[in-house]
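S.K.: Take this structure, written in structure tokens, and hold onto it; I'll ask about it next.
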Amino acid sequence: MGEFKVHRVRFFDYMPTGIRCMAFNSKTERLALARQDGTVEIFNFSDNYFQEKVIPGNDTRSIETVCWVGERLFTAGLNGEITEYDLVNLRPKYSMDAFGGPIWTLACNAQGTRIAVGCEDGSVKVFEVLEEKINFEKNLDRQKGRVVSLSWHSSGTQIAAGMLDMIRIFDVQSGRAVQRMLVDRGTTATHRRECVVWSVVFLSDRTVVSGDSAGKVQVWDGSMGILVKTHLVSKWDILCLSVSQDETSLVAGTSEGTVVQFQFISATLGEGDKEWVRTRTFKHHTHDVRAVLELQRSIVSGGLDTQLVVRPLLDKVDVKSYDTALRKIHFPHRSLVSCAEQAGLLLFQFPAHLELWRLGESDSHGCPGDRLPVKRKPEKLLQLKRKGEEHISCSALSRCGGWLAYSSVSSVRLFRLDCHSNHLSIVKISRLPKVLSSAHQLCFSADSSKLFAASSHATVHVISLSQSECKYVHTFKPVSGCTESVHLLAPSADGAWLATANRACEIHVYNLHKLKPHCTVPVYGSCPSAMAIHPTTNNLLMVHADHQIFEFSIAERRYTDWSRKLQREGLHPLWIGRDTPITQVNFNPHKPTHFLLQDMYMFCVIDQSLPLPDRTTQFYNQLTLRSLSEEERQSRTHAFKICKKFQPLLSMHTLEDGALVMVERPLLDITTQLPAPVRQKKFAT
């Protein structure tokens, strides 16, 4: 595997925000979730649950609800506006004021033709969905108190609205309330408080299911307006409900961090009458479960503890496979850390600021596993606050440590750094080329003479840098005409090539000397999650969301022999079955046949000179190899060497001297910064 001096970095205080709401598009298999800071994330469930897109948040945007209308995405929040998003350029497309005060809920009918919003002033407003925008259509009868939850009937003719102490059913055509169902406030302790109906589900047989702040899940006959059954689930709030597509199963998320499942089955074996029966309880969260979805084969939940949990329903899975594993997604599927390999600097990206750190130093040597004494401790050199209200979408630090750049949705900022001993000077480059209006991804060339900015419509701008100014050089456009945004940039060490990957799974290679497209890598069906160009061979190494690895010769415009051999023999099932994507590719400067891959739970050194492991080979074999003789070790070794000592990993980099930088973020550090969960009485306390 080789020996490395490792800088173990734990001073990146990355803190994700809680999940506020979610929506799933069953046709495209995309999950959209909104966090408390206004960030919107889209996961592709058909591509190994990969985080496909991130729309940066804004300090003025508070999102309470999210909704898919076909392939269009809408959100609404306490600022009283409905926002539609441009999912190609990853920014808000437009916003419309509903003129009803803060918006608590938003729902679309099954036909995808109308949107209804519930407002603070007690109104339910209906909007017509047009091709390019939405248009206000009507107000339903205004009620006293805010409208907290909405659900359309499958026919599109009625809407159930959850309010304070009651549920109303509206006829959309007339705008009148046709049913009024009063909700019991619960036990004596909570009787004086208003009962908030946090969530309602309107089933096709006109049954209404509600979840409220008294901890009850109640089943109502929507046609008659009468209560059918009450399930006391919790002493705390029921915050969200979701029903399966066939309406035979329903899940509820609580303030205690539990997810409770109900099924429409016979309560007694052999009886024909069916009813809603509580069947299972799942505990995968420590705090409020703010959003829950029941999909065809799994339950997806998220809340204040910031993690997205995918819990498979094993009774709906025939064969134990990769899809039956419990998944917890903690960190973004992209790097928030940039490294200046020559200068030994790290740049940490936060939503509102950037931090520049100098790594510590040690001039000692030791045996494998030793902790070396630190000659100079890590030092925070700079905290750079962003301008305006928009969150930082991407950032980059040059290899020499002399340039720093970051971008928001509407602006790019570039700075010149000069670091000598303990003094750091920073100068903002005020005059930037007009094409640098915003960027999805930023990257500097290896010699720090160029800045590459991935902009809208899959274009990449090349900017020349000098001590005094920066000049626009060229714009690369994909020959395919694809407009999906570029999310990966990989320049070559010799400055001759630039590889780009977009969210349509296309990888293009451009010639930087001739300033024209060189070739396109054959399109593979899974989105690239990490890639890099080898510093000596100029081979492009790509890893996709499904963990497949490809090596492409840029000079010969074809896959290398090693890559073809890997595809013929196939990857080991334990490698394919990993549940977190590779987010970083690096190379060992001292051993050209070695490359390094990193995900949240491990980093892997792959030696291309060794044989590949087959299905019968022991994959995690480091401990076994240590106990064998030298002859036996040579016969049983293979190309993949995995280290799990450092985790959870946010990023990994190789410095110019061959040392590794491991940026860790222990989950316990995140948990301790969360607000206290609701107090639960435990035995003997």
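The values are calculated or read from the model by the stated rules, or taken from the named source; none is laboratory data. Here the structure is a predicted model, which is why all the values come from computation and not from measurement. Here the Cβ is made from the backbone with ideal geometry for all residues, glycine too, and neighbour counts use every protein chain on show. Quick note on the areas: whole protein, heavy atoms, side chains included, nothing else; ligands and nucleic acids left out. Shrake-Rupley method; radii C 1.70, N 1.55, O 1.52, S 1.80 Å.
S.K.: With respect to the numbered conditions (1) within 19 Å of the chain's Cα centre (by Cα); (2) open to solvent by 30 Å² or more (accessible area, probe 1.4 Å); (3) charged (D, E, K, R), which one is the sole condition not fulfilled by Arg327?
M.R.: (2)
S.K.: Can you pull out the residues in the stretch 585-616 that are at pLDDT below 90 and either touching a helix residue (DSSP H, G or I) at 6+ places or on another chain (Cβ under 8 Å) or exposed (fewer than 14 other Cβ atoms within 10 Å of the Cβ) (or both)?
M.R.: His590, Asp614, Arg615, Thr616 - these are the residues of the stretch 585-616 that are at pLDDT below 90 and either touching a helix residue (DSSP H, G or I) at 6+ places or on another chain (Cβ under 8 Å) or exposed (fewer than 14 other Cβ atoms within 10 Å of the Cβ) (or both).
S.K.: Residues to consider are Arg168, Arg142; find the one that is open to solvent by 60 Å² or more (accessible area, probe 1.4 Å), of a type in the set (D, E, K, R) and either out of contact with any helix residue (DSSP H, G or I) (no Cβ under 7 Å at 6 or more places or on another chain) or outside the structural domain of Asp221 (by TED's automatic domain parsing) (or both).
M.R.: Answer to the check: Arg142.
S.K.: Further question on the same structure: Given Ser199, Ser213, which one is within 22 Å of Ala34 (Cβ to Cβ), touching a helix residue (DSSP H, G or I) at 6+ places or on another chain (Cβ under 9 Å), buried (at least 21 other Cβ atoms within 10 Å of the Cβ) and touching a residue at least 12 places away in the same chain (Cβ under 8 Å)?
M.R.: Testing whether each residue is within 22 Å of Ala34 (Cβ to Cβ), touching a helix residue (DSSP H, G or I) at 6+ places or on another chain (Cβ under 9 Å), buried (at least 21 other Cβ atoms within 10 Å of the Cβ) and touching a residue at least 12 places away in the same chain (Cβ under 8 Å) leaves just Ser213.
S.K.: In the stretch 483-504, how many are outside any strand (DSSP E or B) and open to solvent by 20 Å² or more (accessible area, probe 1.4 Å)?
M.R.: The qualifying residues number 7.
S.K.: Can I ask one more? How many of the residues making up the stretch 357-401 are closer than 30 Å to Phe452 by Cα and not in a strand (DSSP E or B)?
M.R.: Of the residues in the stretch 357-401, 14 are closer than 30 Å to Phe452 by Cα and not in a strand (DSSP E or B).
S.K.: Can you confirm whether Ile63 is within 21 Å of Asn109 (Cα to Cα), open to solvent by less than 50 Å² (accessible area, probe 1.4 Å) and out of contact with any helix residue (DSSP H, G or I) (no Cβ under 8 Å at 6 or more places or on another chain)?
M.R.: Yes: the conditions hold for Ile63.
S.K.: Sticking with this structure for a sec: When you check Arg168 against the structure, is it among the charged types (D, E, K, R) and within 25 Å of Ala291 (Cβ to Cβ), yes or no?
M.R.: Yes; evaluated as a whole, the condition is true for this residue.
S.K.: Let me ask something else. Taking the stated definitions as given, is Ser480 assigned by TED's automatic domain parsing to the domain that holds Pro528, open to solvent by 40 Å² or more (accessible area, probe 1.4 Å), polar (S, T, N, Q) and in a loop (DSSP other than H, G, I, E, B)?
M.R.: Here the answer is yes, as Ser480 does meet what is asked.
S.K.: Another question, if that's okay. Being over 28 Å from Ala116 (Cα atoms), open to solvent by 70 Å² or more (accessible area, probe 1.4 Å) and not assigned by TED's automatic domain parsing to the domain that holds Thr65, is that true of even one residue in the stretch 290-310?
M.R.: Yes, the conditions are met somewhere in the stretch 290-310.
S.K.: Related question: Scan the stretch 148-166 and tell me whether some residue there is in a loop (DSSP other than H, G, I, E, B), modelled with pLDDT of 95 or more, in contact with a Ser or Thr (Cβ under 7 Å, 6 or more places away or on another chain) and farther than 29 Å from Arg297 by Cβ.
M.R.: yes
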